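Read the structure below first, then the notes.
The values are calculated or read from the model by the stated rules, or taken from the named source; none is laboratory data. Just so you know, these numbers come straight off a predicted model, no measurement behind them. Note that each Cβ is placed from the backbone with ideal geometry, even for glycine, and that neighbours are counted across all protein chains shown. In case anyone asks, the SASA skips ligands and DNA or RNA and just uses the protein heavy atoms, side chains included. Shrake-Rupley method; radii C 1.70, N 1.55, O 1.52, S 1.80 Å.
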Amino acid sequence: MQVEKFSYDNQVVKQFAIATVLWGAVGMLVGLIIAVQLYLPELNLGIQYLTFGRIRPLHTNAVIFAFVGNMIFGGVYYSLQRVCKARMFSDFLSQFHFWGWQLIIVLAAVTLPLGFTTGKEYAELEFPVDLLIAVVWLSFGANMIGTIIKRREKHMYVAVWFYIATFVTVTILHVVNSIEVPVSFLKSYPVYAGVQDALTQWWYGHNAVAFFLTTPYLGLMYYFLPKAANRPVYSYRLSILHFWALIFIYIWAGPHHLLYTALPDWAQSLGTVFSIMLLAPSWGGMLNGLLTLRGAWDRVRDNPILKFMVVAVTAYGMSTFEGPMLSLKNVNAISHFTDWTIAHAHVGALGWNGMLTFGVLYWLVPKMWDTQLYSKKLANLHFWISTLGIVFYAVPLYWAGITQSLMWKQFTPLGILQYPNFLETVLQIIPMYILRSIGGFLFLCGILLSAYNLIKTARQGSFIKNEEAEAAPYKNEKDQIKRGLIHRWLEKRPVQFALLSTVVVLIGGLVELIPTYLVKSNIPTIASVKPYTPLELQGRDIYIREGCNTCHSQLVRPFRSETERYGEYSKAGEFVYDHPFLWGSKRTGPDLHRVGGKYSNLWHYLHMEDPRQMSPGSIMPPYPWLLTQVLDTTTTQAKISVMRSLGVPYEKGYENFANEDLENQANKIADDLLNNGIPAESNAEIIALIAYLQRLGTDIKGGAK
Amino acid sequence: MKSNKILLMIFSLIFFFFEQTNLLAANEETLDKVMKTMLVVTLVVIAFVLWLAVVYSEKNDSEGKTFKAPLAAFKKYLTRTTPIEKEQEILLHHDYDGIQELDNRIPPWFSILFYGTIIWGAIYLLNYHVFDDGQVQTKEYNLEVHQAALEREFLIKTGAFLNEETVTALSDAAVLSEGKDIFIKNCASCHGQSGEGLVGPNLTDDFWIHGGGVKNIFKTIKYGVPQKGMISWQTQLDPKKMQAAASFILSLYGTNPPNGKQPEGEKWKE
């Protein structure tokens, strides 16, 4: 049999590996900084670009898309070539992909602190960057599909199925969730509003977890774990079952981020039941990982790589058990908006993604540099530090979340809230915040250790840029679908495979999104709800720029403990002009949906200048710059026009005198402040923000349902 | 590795310390629940230890076959895994870059879980959205509010729940000091540490914007004056606390604190 000689491209894998560690360290450092800011708000040094609301998105984006993202690409490029027995389709695309992705990361690191954000979680980047992401992502897809098509191996290995599903689904998610209309070069409004935007966002957000943090990593697990353990994969049948079940069911589960909100009940219920159904398919992956180690457990003890992988897969199992539990409405009623969610996310991100990443890197680097790991001892130390770090991170936050939630809900025997002062419930859990930052610090130390160890490893070896390989060429044999072998048939057909997985992932999304977009009864209209005034709209954009929504929710859930604390619960019809929705996902501070009219303008002025003036001990950062910065009113016209094009009923031509209304309203607020002894400039940003805050939730304060 | 264990122990101790402080914040009801759960967990652990003791004390049966047999059979039934020695029989004839695949049967417990959750999901949807009207959360909320209203009615009848009609000014030291605590915590940021007035008006003089006297003060505290920035406290402070705060405020009369804000409102005569 004749064989063909070719070589694998290790260069791009090396680049991605370096980027993984580098951005990982940066992302985790930013995480540590915001964790400390939660008990030491001064740590932002009084610089607006470093406040919690602005760099929290930087942290999440860096860890998800830079740290995990680069590992995905590195791991895919390494394993895909080898299981396909082919070099990457195009070296140019590989390099384009690598440098394009790094450019996106740098752009994120610049624009997010500057306050250019859409306000949608994990999709904060503004539309020019979104476009770039689309181009680079497609180049990755083209390169991958190209490689699969010119493979020498007849069948596609299970890892490749996961890569294909990742590519098609992330493409769909990114495109649908990023449909936005530009106002200016770095500002846009999403076409969806309120409930629709919320559903779209969490359909995206949840499946970013599914198809960016889970499926590609399962693919990596299917390659690197059997390689490192030198054992056959436990069950091929199980791979098929859990792969298809996973990608089909995952898509439906998004609404579990919106339980007890203004989302229609039927969508919430779908979110709950599909999350529960997700348990088994997720565990299928864990099983296939752990049981592959049957007969290799003795090696786990003295092999740090396997140790990392075992903890990773176990953490995956734990968080995919916890996830469905958190989707049960009675559990969610306690966990939602608290630190429990943060703990859950980090068991996944640090445990599953973090630990698997390190396992893969410790295996990959010695291979590509043709040497041994520099220090097994250091790797072991890293393992223990990271594991301890995860425990230290998660346990205090579970405790914090449950404690705070119970305090929110506690009534006295007379039926009055026991802890009416929200801040009291925050101060109670500050010790937990301190502990968790220690956990984060340990994990960060771990990644620095790994960087040292990996650099030393590379130094002592010599890099194989192009790894020689040989294989028999692909022979196209005619075959028919046979009973029991349908999947074998499909594994030979990448295009059909990709199409089928597209159909499978589309179903859930369409069933949930389309009725919410189109069926009117899902969002009953409320006549008294009016569009924002120009000043309020500007204030709202300041709220988005400062990332107030990272700490404040704007959604009162239908619980007595919340309606007593905040006021009437939120109705779907109240959000129809909210492009984007700002419901938030975490209450570090109190809900703000009914804050309008609660305090005086003066209170807000002093509170924003320094929250501790009005709420002693508050951990909310001061925003003194809002008092001096001048509101940019040149954008008003464009904003009103874009809003109208999205269906907000501003009268025709209103954009031309919107700024007059804006000034009138601003003068009124400035006058009121002056009467109360504060001479404030009516063109300061704070005035717009106060106008927005005072408007919040007041449309239906008359009690209309 | 040993040192790691010691470290872990130390850290768990620290956790326990912090947990303790949190438990103190919890009220009796939650404590009760915690105690019950702990009791159940303890019983389960004791049962498990006893079972272990029995298994391993079986001298003539060093592998514990007698006691473990049912367990082993159950495990076998649930996993149906091919033993590792026979793994060659289910090894598939292909490899990908050296990775081979076994074709183990899908474990029955996995199938039970998989199909079980699907059935559960179907029942859930039928229950709430087909056999019921699907108004899940509003119903839940209305029930909760209705019950609370009944309880409140009862408390008002028994006199436990004061209102602006029935409230009286109190002057015993314990109440005033409670009132002071409440004042410092909730009111001082607007009215000043000694009631001298800041964002809100001076509370130590003769002049009252919304009426003086315990009934009016109680009323102002309870409902607030939202258009002027005084918030309503009725959902935050129970009536006894509002009474204590009002009594404390009355006790500030004539204290003439430094930096007193100009009088506002009308001179109040009882």
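Numerical summary
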item	result
Lysines whose Cα lies under 19 Å from that of residue A:120, excluding same-chain neighbours fewer than 8 positions away	A:187, A:586, A:639
Computed magnitude of the charge dipole of region A:534-695 (debye, nearest 20; Cβ of K, R +1, Cβ of D, E -1)	700 debye
FRET efficiency, 1/(1 + (r/R0)^6) with R0 30 Å, evaluated for residue B:80 and residue B:46 via beta carbons	0.40
Relative contact order (%) - region B:173-267, alpha-carbon pairs under 8 angstrom, separation at least six	43 percent
Shielding by partners - mean other protein chain Cβ count within 10 Å, residues of A:271-277	5
Zone residues, region A:399-429, relative to residue A:321, backbone N less than 18 Å from point 7 Å out along Cα-to-Cβ	A:399
Pairwise label distance in nanometres, residue A:330 with residue A:520, each label 7 Å out on the Cα-Cβ vector	3.9 nm
Rel. contact order, % - alpha carbon contacts under 8 angstrom, at least six apart, chain A	17 percent
Label point distance in nm, residue A:150-residue A:237, each placed 7 Å from Cα along Cα→Cβ	3.9 nm
In Å, descending, principal axis extents of the Cα set of region B:85-131	54, 24, 10
Zone residues, region B:246-270, relative to residue B:232, backbone N less than 19 Å from point 7 Å out along Cα-to-Cβ	B:246
DSSP-assigned coil residues among trypsin sites (Lys or Arg not before Pro) in region A:444-475, each with at most 16 further Cβ atoms within 10 Å	A:465, A:475
Neighbouring partner chain Cβ atoms per residue of A:76-83, average, 10 Å criterion	2
Between A and B, accessible area buried - total, square angstrom, nearest 100, 1.4 angstrom probe	7100 Å²
Per residue solvent-accessible surface (Å²) - region A:293-475, probe of 1.4 Å	36 Å²
Heavy atoms of residue B:34 accessible to a 1.4 Å probe, total area in Å² rounded to 10	50 Å²
Whole-Å distance, taken between Cα centres, linking region A:337-385 and region A:572-587	37 Å
Prolate/oblate/rounded call for chain A, Cα gyration tensor, a/c under 1.5 rounded	prolate
Delta accessible area of at least 50 Å² on complex formation, residues of region A:379-406, 1.4 Å probe, chain isolated as reference	A:384, A:388, A:392, A:399
Distance violations [Cα-Cα > 30 Å] among A:571/B:222; A:668/B:240; B:139/B:215; A:227/A:329	A:668/B:240; B:139/B:215; A:227/A:329
Cα gyration tensor shape for region A:534-695, rounded if a/c is under 1.5, else prolate or oblate	oblate
Global form of region A:523-566, assessed from the alpha-carbon gyration tensor, a/c cut-off 1.5	oblate
Label-point separation, residue A:135 to residue A:466 (7 Å along Cα→Cβ), nm	2.9 nm
Accessible surface of the protein assembly as shown [probe 1.4 Å, protein heavy atoms]: carbon and sulfur percent	64 percent
Loop GluC sites (Glu not before Pro), region B:112-186 (other Cβ atoms within 10 Å of the site Cβ: 10 or fewer; DSSP)	B:165
Which of A:34, A:595, B:191, positive extreme of dipole for the protein assembly as shown (C-beta unit charges)	A:34
At 0.692 mPa s and 37 °C, Stokes diffusion of region A:59-186 via Kirkwood alpha-carbon radius, µm² per second	211 µm²/s
Cβ-Cβ FRET estimate between residue A:92 and residue A:656, R0 fixed at 45 Å, reported to 0.05	0.35
Length gained when the stretch residue A:493-residue A:4 is fully extended (0.36 nm per residue, less Cα-Cα span)	173.8 nm
Kirkwood Rh in Å, taken over region A:603-671 so that all alpha-carbon pairs contribute	14.4 Å
Total formal charge among the other residues, if their Cβ is under 13 angstrom from that of residue A:622, Lys/Arg +1 and Asp/Glu -1	-3
Over region B:173-267: Rg over Rh, Cα atoms, Kirkwood Rh	0.92
Accessible surface, region A:150-277, averaged per residue in Å² (probe 1.4 Å)	19 Å²
Accessible area, probe 1.4 Å, largest first, for residues A:206, B:94	B:94, A:206
Residue B:210-residue A:230 FRET efficiency (beta carbon distance; Förster radius 60 Å; 0.05 resolution)	0.15
Computed accessible area, residue A:634, all protein chains, 1.4 angstrom probe, square angstrom	110 Å²
Buried on assembly, region B:190-229 (at least 20 Å² less accessible surface than by itself, 1.4 Å probe)	B:190, B:199, B:226, B:229
Taking region A:293-475 and dividing mean pair separation by its residue count, relative contact order in percent (alpha carbons under 8 Å, at least six apart)	28 percent
